[in-house]
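J.: Take a look at the following structure, please.
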Amino acid sequence: MKILGIETSCDETAAAVVEDGVSILSNQIASQVEIHARYGGIVPEVASRQHTLSIIPIVEQAMAEAKANWGDLDGIAVTIGPGLAGSLLVGANVAKAIALARGLPIAGVNHLEGHIYANWLMKDSLDFPLVCLIVSGGHSDLVLMKGHRDYVLLGRTRDDAAGEAFDKAARILSLGYPGGPAIERAARSGRASVQLPRAWLKGTDDFSFSGVKTALLRLVEAGKISSEADAAASFQEAVVDVLVTKTVVVAEEHRVKQVLLAGGVASNKLLRQSLVKHSPIPVQIPEPILCTDNAAMIAACGYYQFQAGKIDGLDLDVIPSLKLS
Ligand code: KG4
Ligand code: ZN
């Protein structure tokens, strides 16, 4: 089953063709990072306009890379939320137009489910029950899965998401945008020698990252940071320490067979290495290009929706605040 995936929820315009939920035939991504970098963050209206310019060429490139004709496709999967309304609309409308013109079934995909399903692009059979830590620009969620598309939200962030915390810390340290890769780069030449707090929120599976960010800000304001590299390394270590420790505790409590990592922050090398090192349960992590926003993960997720008989109509609409359910 060949599925065209389309993703436009934030600042990447992406299209991919995936076969049977596991084989990536193409994976095209047009990043808007350089356009938004000059504003220090994503400007929603600029993002929508850029998606409008990029979406058709990106879909055509994905089809060409996959050496696929329209007649080779069995379905279309498109992100319908969560995300920026104007951005989501571009992908959803293009997907619906193709579905109508070619008589193809369409599946509206939750972007967070897509991040989780990037793991099935690495290996088509993963053991349930499993715990997945989704760490992106908007989410830090610990999710228990007992089967395909069966989610129980165990923990979430009470304030800043992990990616958001990286972005804000990079701004505090004047390291540029996007913050996660900037912190990781700076940390390479630093030592985690700056004392920063960890919010353990004992007795809950929730996270909080606003305290560590504020602690960093106070140190910078007081002129106590002599090396940005050391501060970046310390911040990265503080966030990774909490994410890994809490994920391992939850995985053991629920006696899962597998631990998954997903979302843009999952491309962070220290997080990847630290989770593998500390988890006694097997860990699965998508390769970095499949952790940040892409359409292959949306096509993979759409495959499992089609398998479950979930086919949407052409009245499919975007849901900017869509939750995992
Ligand atoms: O999943 P994603 O690409 O988009 C959302 O769905 O939000 O995640 C983007 C987030 C940003 O906050 C970015 O700074 C962070 O992921 N990120 C990283 C790294 N690469 C991206 N954070 C830490 N280390 C990285 N290497
Ligand atoms: Zn994402």
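Rule-based calculations on the coordinates, nothing more; no lab input. Remember, it's a predicted structure, so these values are computed and weren't measured experimentally. When we count neighbours, we look across all protein chains shown, and the Cβ atoms used for this are built from the backbone with ideal geometry, even at glycine.
J.: Take the cross-link list K96/K269; K168/K202; K146/K213; K246/K310; K168/K323; K2/K277 and give me the ones stretching past 32 Å between alpha-carbons. Before the final figure, lay out each step's value.
T.: Working: K96/K269 37 Å; K168/K202 25 Å; K146/K213 34 Å; K246/K310 34 Å; K168/K323 24 Å; K2/K277 36 Å.
Over 32 Å Cα-Cα: K96/K269; K146/K213; K246/K310; K2/K277.
J.: Could you go through the stretch 195-208 in sequence order and give the Karplus-derived ³J(HN,Hα) for each residue, using 6.51 cos²θ - 1.76 cosθ + 1.60 with θ = phi - 60°, rounded to whole Hz, and x for Gly and Pro?
T.: 3J(HN,Hα) across the stretch 195-208, in whole Hz: 6, 10, x, 10, 8, 7, 6, 3, x, 10, 9, 7, 10, 8.
J.: How many nm is it between the label spots at S227 and V276, if each spot is 7 Å from the Cα in line with the beta carbon?
T.: Going from the S227 label point to the V276 one covers 2.6 nm.
J.: Rg and Dmax of the stretch 132-253 over Cα atoms: what are they, in angstrom?
T.: When restricted to Cα atoms, the stretch 132-253 yields Rg and Dmax of 14.9, 51 Å.
J.: Which of I116, I311, I134 ends up with the largest GNM mean-square fluctuation for the chain, with Cα atoms connected below 10 Å?
T.: Most flexible of the set in this elastic network: I311.
J.: Please list 211-219, 175-183 highest first by mean number of surrounding beta-carbon atoms within 10 Å per residue.
T.: By packing density, highest mean first, the sequence is 175-183, 211-219.
J.: Using +1 at the C-beta of Lys and Arg and -1 at the C-beta of Asp and Glu, which of A231, S125, A68 has the Cα lying farthest in the positive direction of the dipole of the chain?
T.: Most positive-ward Cα: A231.
J.: Let me ask something additional. Based on the alpha-carbon gyration tensor of the stretch 237-325 and its eigenvalue square roots a ≥ b ≥ c, which shape applies: rounded if a/c is under 1.5, prolate if not and a/b is larger than b/c, or oblate? Walk me through the numbers before you get to the answer.
T.: Values: a/c = 2.28, a/b = 1.88, b/c = 1.21.
The shape class here is prolate.
J.: Straight-line reach only, C-alpha to C-alpha below 18 angstrom: list the aspartates and glutamates that K123 could link to, leaving out same-chain residues fewer than 8 apart.
T.: Straight-distance partners of K123: E19, D20, E113, E287.
J.: For the residue pair D127 and Q307, what label-to-label distance in nm results when each label sits 7 Å from Cα along the Cα-to-beta-carbon direction?
T.: 1.8 nm
J.: Per-residue ellipticity at 222 nm for the chain, helices alone: DSSP H runs ≥ 4 residues times -39500 (n - 2.57), over residue total, nearest 500 deg cm²/dmol?
T.: Details: 11 runs with 136 residues, N = 325.
After summing the helix terms and dividing by the residues of the chain, the value is -13000 deg cm²/dmol.
J.: Which of N110, N268, N69 moves the most in a Gaussian network model of the chain with Cα springs under 10 Å?
T.: Of N110, N268, N69, the most mobile in the Gaussian network model is N69.
J.: Sticking with this one: Which residue, chosen from G190, S208, S31, occupies the Cα position most advanced towards the positive end of the dipole of the chain, where the dipole is computed from +1 (Lys, Arg) and -1 (Asp, Glu) charges on Cβ about the Cα centre?
T.: G190
J.: Amide H to amide H under 5 Å from S140: which residues, 5+ apart in sequence or cross-chain, H placed 1.01 Å off N in plane?
T.: Under 5 Å from the amide H of S140 lie the amide H atoms of T157, A162, each far enough along the sequence or on another chain.
J.: Does the stretch 79-163 come out rounded, prolate or oblate by the C-alpha gyration tensor, with a ≥ b ≥ c the root eigenvalues, rounded set by a/c under 1.5 and, if not, prolate when a/b is larger than b/c and oblate if not?
T.: Note, shape of the stretch 79-163 comes out oblate.
J.: Could you order the peptides 198-207, 71-80, 87-96 from most to least packed, using the average number of other C-beta atoms within 10 Å per residue?
T.: Numbers: 198-207: 14.9, 71-80: 22.3, 87-96: 23.9.
Put in order of decreasing packing, that is 87-96, 71-80, 198-207.
J.: Compute the distance from the alpha-carbon center of the stretch 262-325 to that of the stretch 77-122, in whole Å.
T.: First find each Cα centre; the distance between them is then 13 Å.
J.: By how many degrees, between 0 and 90 and to the nearest 10, does the Cα long axis of helix 162-172 differ from the longest principal axis of the chain?
T.: 60 degrees
J.: Can you tell me the order of 139-151, 155-167, 271-283 when each peptide is scored by its average per-residue count of other Cβ atoms within 10 angstrom, highest first?
T.: By packing density, highest mean first, the sequence is 155-167, 139-151, 271-283.
J.: Applying the Karplus parametrisation 6.51 cos²θ - 1.76 cosθ + 1.60 with θ = phi - 60° to the phi angles of the stretch 187-194, what ³J(HN,Hα) value in whole Hz is obtained for each residue in order, glycine and proline being reported as x?
T.: 5, 4, 9, x, 10, 6, 9, 8
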